[in-house]
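The values are calculated or read from the model by the stated rules, or taken from the named source; none is laboratory data. Given the structure is predicted, the values throughout are model-derived calculations rather than measurements. Ideal geometry is used to build each Cβ from the backbone, glycine not excepted, and the neighbour counts take in all protein chains shown.
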Amino acid sequence: MSVTEIDKQNGAPTWLKKNSTGLITCLVIGAIAWTIAEVEKSIIDRAVIDALVIAIVLGVIAKNLLPLPSAVVPGSKFVSKQVLEASVLLLGASVALQDVTSSGISLILLIVVAVFGGLSVAWIVGHKLLGLSSRLAVLVGVGNSICGNSAVAAVAPIIKATPNEVAAAIGISAILGVGQILLLPLFAPALNLTNIEYGILAGISVYAVPQVVAASFAVSPLSGQTGTLVKLVRVLFLGPMIILLGILHRDAENSSSLKEKIKTYVPWFVAGFLLLTVLRTTDVISQDLGLQARGLSKLLFIVAMAGLGLGVDVREVGAVGARVALTILATMSFMIALALVGIPILDLG
């Protein structure tokens, strides 16, 4: 009798026995990260350090400083891939396409240029000039041009990014994003920006939603409301970017049959994302249910980041740290310059 047959007879499937240690480890790390972020919110009303960042940092620390058993590896790999993909799928239930057009054509035009321009700058500077992998350059681009950690986490499985690349993109972007929170408010008096103009500047250029909130409300409530609105419209471009990158990063060599070609062009979780987006747009999925799905997606992202962190070798991340930082700074500079030029040209003040 085989080991598998014995396992099944005992009611303990092989898959669960193989992955349980890693699954439990990721859940524990994710729970700690979520708790820390909630404590931040209770103290200062917002999580300056996002739970996604905390989870991946805790995973990296555990991987590189603790004597973890080898049994952790299979489960953490499952979490960092399949759970991450399921998180992307669930995001679709919170995306209503009509929300994109409600913010004004001029503002949407500026955001479109910012999203695709920021991605292009990151790819040219990071990949072409500094020699980063194209995957890492894309992660830096989508993180800084769309919605921070969530964009990096969502795009990573599309382009088959490694845990080290995800850690570098999220970790270094988060650090420089905190610096942006401290420095960007100085632009308001220095350039004589109105509250609305500064809100648009913050919403266009700052890395993650919590950081936009911190940077924009530091100037005024009106700046905070404007910055948050602009940032949330940027977030809505994550769906189109996922689809576009899924097409551009297909592996044509491995798609022999029609079925395989379809799977290559549209991975299962991207197809699910699109389906849920259509259902949300047509109100088959209500707004409340969509928000609940987004909340669940965020929780799964946190657990997935723990799994990614458990696969990170800090020596490899350190080897690309300076180049990643330069790429991020170039992308941030482009986003700030674009906003400062675009606001008066499009009369958005």
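Within the stretch 184-195, not a single residue is within 29 Å of Ala96 (Cβ to Cβ) and crowded, with 24+ Cβ neighbours inside 10 Å.
Of Val219, Val233, all but one fail to be within 22 Å of the chain's Cα centre (by Cα) and among the β-branched types (Val, Ile, Thr); the exception is Val233.
In the list Leu176, Leu191, Leu186, which residue meets the criterion of being free of Cβ contacts under 8 Å to residues at least 60 places away in the same chain and not acidic (Asp, Glu)?
From the options Leu176, Leu191, Leu186, the qualifying one is Leu186.
Considering the conditions (1) within 30 Å of Thr226 (Cα to Cα); (2) assigned to a helix (DSSP H, G or I); (3) modelled with pLDDT of 90 or more, Val303 is excluded by exactly one of them, (1).
Those residues that are β-branched (Val, Ile, Thr) and assigned to a helix (DSSP H, G or I), I need them from the stretch 47-59; list them, please. Of everything in the stretch 47-59, those that are β-branched (Val, Ile, Thr) and assigned to a helix (DSSP H, G or I) turn out to be Val53, Ile54, Ile56, Val57. The helices (runs of 4 or more DSSP H) found entirely in the stretch 206-290 that carry 2 or more residues being surrounded by 15 or more Cβ atoms within 10 Å (Cβ to Cβ) and modelled with pLDDT of 75 or more are 209-217, 221-235, 238-248, 268-281.
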